[in-house]
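Notes to accompany the following structure.
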Amino acid sequence: MTLTGKQKAALLLTSLDVGAATDLLQGFEPDVIQELAVELSYLEAAGHCTPQRNQEVTEEFYEALQEKPKFEITDFLDSVLKGTVGEQKALQIKSNLQGLLKKKDPFLVAQTTDLETLLSVLESEHPQAVAVILSELPPKQSSDILIKLPEGVRLSTISRMTNVNAVPPETKARIAEMVGDKIQSALADQETGLVRETSEQSIRKVAVVLRNMDTDIRNNVLSAVGDSDPEKADSVREMMVVWEDVTSVTDRSLQEALRGVEEEKLALALHEADQAIVDKIKGNISERAAARVDEEASLMSTPKKSDVREARETIVGLMRDLNSKGELVFDN
């Protein structure tokens, strides 16, 4: 996640002690302080407020600040807000935080809810609503939910996820608010955020979700999608494994996929490739083969883009073959 300037400022405050942070904020208007508090609460709720992230921010500002091993956001907000704008205004700001966070990212509630609670809410929702919610969750979280949904709902949801980009942002926000309210109600019973995606992005997200599932379930879903839209099913199959996934494949799987690929073909595929991909592939062939790849590259004139693309597709095709058999393993 790329931090905005305001988010960096909010994180920088967490590296200061309460007194220093309070002094720093004395000259700010309450609205500015409220914005910083919203950003800080959002980063914490989304899991981005970590010691490592704090260190990155302080290094960027060339500040030699000592990182705290543990920082309680709630205590920080209480102390700093009260010391800056007074207790009454601090309470007012804190009371607005929940609504402001929802406005900033409508899907934050679903993203941060435990699996069982989210599942219990989604089981009673229309597949279209489920598709919208799952499309905004991390792939692993979506996979875990899909596996536990009834088969009929699962198939309908997967089909709708491939078209979720057609849902207007306003509708997505309303669905997120509706589901969020039900989640909060469910949590209460236990105790007593939009960018429109392209079609390719939607299909890729569905593909990554599916590749994390068992082969039999994945094939059943693809077969059901193919019955109504064979072209879309093919697109999902292809998007499960793309060239950029090379770095995410385990060494053993990649070694199996690269077995028998000629050095000339590898040299073409690695022409102007990202260094991470170059290192990954060279690290999973023999030293002798890597030396030959380098030799082929040194003798190679500037290749046609179509030849480079074809060479990469050869490697991706081999990985897709392994993936179709359930033999391609990913690190993440």
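If you scan the stretch 251-269, which residues turn out to be over 17 Å from residue 279 (Cβ atoms) and surrounded by 21 or more Cβ atoms within 10 Å (Cβ to Cβ)?
Matches in the stretch 251-269: 268 only.
Just for the stretch 219-255: of the residues that are of a type in the set (Lys, Arg) and within 30 Å of residue 283 (Cβ to Cβ), which one is modelled with the lowest pLDDT?
So, considering only residues that are of a type in the set (Lys, Arg) and within 30 Å of residue 283 (Cβ to Cβ), the one modelled with the lowest pLDDT is 237.
When residues of the stretch 128-141 are filtered for being touching a helix residue (DSSP H, G or I) at 6+ places or on another chain (Cβ under 8 Å), in a helix (DSSP H, G or I) and either surrounded by fewer than 19 Cβ atoms within 10 Å (Cβ to Cβ) or not assigned by TED's automatic domain parsing to the domain that holds residue 176 (or both), how many remain?
3
Tally the residues that are part of a loop (DSSP other than H, G, I, E, B) and under 21 Å from the mean Cα position of the chain (by Cα), restricting the search to the stretch 112-127.
Result for the stretch 112-127: 3.
Matching residues to (1) surrounded by 14 or more Cβ atoms within 10 Å (Cβ to Cβ); (2) under 23 Å from residue 212 (Cα atoms); (3) among the aliphatic types (A, V, I, L, M):
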| site | (1), (2), (3) |
| --- | --- |
| 236 | yes, yes, yes |
| 246 | yes, yes, yes |
| 292 | yes, no, no |
| 295 | no, no, no |
| 302 | no, no, no |
| 305 | no, no, no |
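Do we find a residue being touching a Pro at 6+ places or on another chain (Cβ under 9 Å) and of a type in the set (Gly, Ala, Ser) anywhere in the stretch 307-324?
For the stretch 307-324, residues touching a Pro at 6+ places or on another chain (Cβ under 9 Å) and of a type in the set (Gly, Ala, Ser): present.
Among the residues of the stretch 262-298, write down those that are polar (S, T, N, Q) and within 17 Å of residue 251 (Cα to Cα).
Listed by number, the residues that qualify are 275, 284, 286.
So is residue 318 surrounded by 17 or more Cβ atoms within 10 Å (Cβ to Cβ) and part of a helix (DSSP H, G or I) or not?
Against the criterion (surrounded by 17 or more Cβ atoms within 10 Å (Cβ to Cβ) and part of a helix (DSSP H, G or I)), residue 318 qualifies.
The values are calculated or read from the model by the stated rules, or taken from the named source; none is laboratory data. Since the structure is predicted, the reported quantities are computational estimates derived from the model, not experimental observations. Note that each Cβ is placed from the backbone with ideal geometry, even for glycine, and that neighbours are counted across all protein chains shown.
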